[in-house]
């Protein structure tokens, strides 16, 4: 069901932004792509800093908006803690030069300007007014079914779930035992003398796609050895790629990816194009609910993981967030990875993509609209 939200003016439009974005932006420029009088979402960018050329910034921002299907107009909203400056000639609005550059680039691209607003601690102002005036900011946000609390900023929800010390210790010990059994020295070991839970974890790994599917069924209730098995898999690119592809498709997609990965490792056979496309955001759009469950799973695993094993689930969380269109969340997880291992392969690649404003192609397809 599509929920229709109506705005009759700038004040109403501002009330809708948190519901469209899923959060209340801060220190951001938000772009609302319109088709006629309807918009179905919001794009958030960090405010431009002194090290970024405004022309380059505007080109990248408008380029993102123009990629959204059937977009013919845009609204631009700045959220900043910088206050307006009252002068003899009138009110000086923060980031006016950047917004002017952005609006000019949008018009040159053929986009109509719906509105251009600035939200400060004092209130809101229109960049389009010849003599801008401060207006009171309404804190009343429309209630949209399924959206939840949108009062937090763009990083709300990135904190890992709580895991107590005893829980972390159990997972760490399980991971050590599992790695011992799966390592080169495991050959010839009498499994009958081993920990039954470790043996059960090994059984789970006999069918990796089935294991990756099973963790989605109970994301909040994985026992220590199952968590350790997941960490072991995510720490190995061959199995990590299977997990991400499978969670972005289905069990059959995971099995195909595993076969392709094994064939590549044996004979360097090429990976099928449709499988590779998933990693760069091409092809059919994944089920967002499935991605969100997978994100919960890897976040919980990261919270319980030993520090040295944390980059793998954090990088998986970054990719899943990116696949959901949450680049701010992805960037946060990648910063956490860099604190542990600045050269972690997939994290470096994702960081490069995000810094270049690369988003999945499916993010630009309109699934519905709110007007």
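Overview of values
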| quantity | calculated |
| --- | --- |
| Residue check, residue 210 surrounded by fewer than 19 Cβ atoms within 10 Å (Cβ to Cβ), touching a residue at least 40 places away in the same chain (Cβ under 8 Å), assigned to a helix (DSSP H, G or I) and more than 24 Å from the chain's Cα centre (by Cα) | yes |
| Some residue of the range 30-38 being assigned to a strand (DSSP E or B), free of Cβ contacts under 8 Å to residues at least 40 places away in the same chain, closer than 22 Å to residue 329 by Cα and under 19 Å from the mean Cα position of the chain (by Cα) | no |
| Residue 58 assigned by TED's automatic domain parsing to the domain that holds residue 36, under 29 Å from the mean Cα position of the chain (by Cα) and closer than 23 Å to residue 358 by Cβ | yes |
| Criterion violated by residue 318 - all others in (1) surrounded by fewer than 24 Cβ atoms within 10 Å (Cβ to Cβ); (2) farther than 17 Å from residue 236 by Cβ satisfied | (1) |
| Residue in the range 42-54 that is in a loop (DSSP other than H, G, I, E, B), within 18 Å of residue 116 (Cβ to Cβ), within 17 Å of the chain's Cα centre (by Cα) and at pLDDT below 90 present | yes |
| Of all residues making up the range 97-112, the number that are over 26 Å from the mean Cα position of the chain (by Cα) and buried (at least 17 other Cβ atoms within 10 Å of the Cβ) | 4 |
| Flag for residue 71 being within 23 Å of residue 136 (Cα to Cα), modelled with pLDDT of 90 or more and either loosely packed, with under 15 Cβ neighbours inside 10 Å or touching a helix residue (DSSP H, G or I) at 6+ places or on another chain (Cβ under 9 Å) (or both) | no |
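The values are calculated or read from the model by the stated rules, or taken from the named source; none is laboratory data. Worth saying up front: this structure is predicted, and the values here are computed from it rather than measured. As a convention, Cβ positions derive from the backbone with ideal geometry for all residues, glycine included, and neighbour counts pool all protein chains shown.
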